[in-house]
């Protein structure tokens with residue numbers, strides 16, 4: 001997907017964080033920091049730092065925090081992703097619809113990355129590495145997350161999002 005004038009200059013996650021969208025491709029697109037961008041903290045080995053990037057679940061556009069192993073690539077975990085929020089179609093990258101306040105690819109089913117991000121849509125980003133382990137155990141919907149991973153991990157079927165989580 002190439003970036004065009006139809007793309008917004010700013011994306012928002014479901015927590016209200018702001019990210020600049022200014023790249024030549026929406027595939028693995030690094031997002032630029034703005035005044036409303038949260039701190040990038042993964043507490044992992046990131047030789048080239050931590051970086052927010054636009055990522056794609058099967059259904060949702062996601063803001064994900066990557067631990068960068070080189071200037072152009074890094075690792076991410078679904079726990080470090082939040083859905084891209086919208087008020088209308090113009091808030092979403094080109095080709096996506098704004099449905100239930102989330103930027104979504106029409107006609108797609110929910111996969112595990114999507115489902116985890118939906119369950120964490122209202123969970124704050126990690127702010128302090130001293131609280132790293134407590135952060136995960138204290139996440140809202142932690143029990144639903146563990147059940148979700150167990151039920152969706154090896155399945156080709158769409159994931160069912162627990163009712164306690166935000167729905168697509």
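The table for this structure:
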| read-out | value |
| --- | --- |
| For the range 82-168: rounded, prolate or oblate by the Cα gyration tensor [a/c cutoff 1.5] | oblate |
| The range 10-152 shape via C-alpha gyration tensor axes, a/c threshold 1.5 | oblate |
| Stretch gain in nm, segment residue 39-residue 137, where the contour uses 0.36 nm per residue and the Cα spacing is subtracted | 33.2 nm |
| By average C-beta atoms within 10 angstrom, highest first, the peptides 142-149, 14-21 | 14-21, 142-149 |
| Relative contact order computed over the range 10-152 (Cα-Cα under 8 Å; 6+ residues apart), in percent | 20 |
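Each value in this text was obtained by applying a stated rule to the coordinates, not by laboratory testing. Since this is a predicted model, take the numbers as computed values, not measurements. A quick note on method: Cβ atoms are made from the backbone with ideal geometry, for glycine too, and the neighbour counts reach across all protein chains shown.
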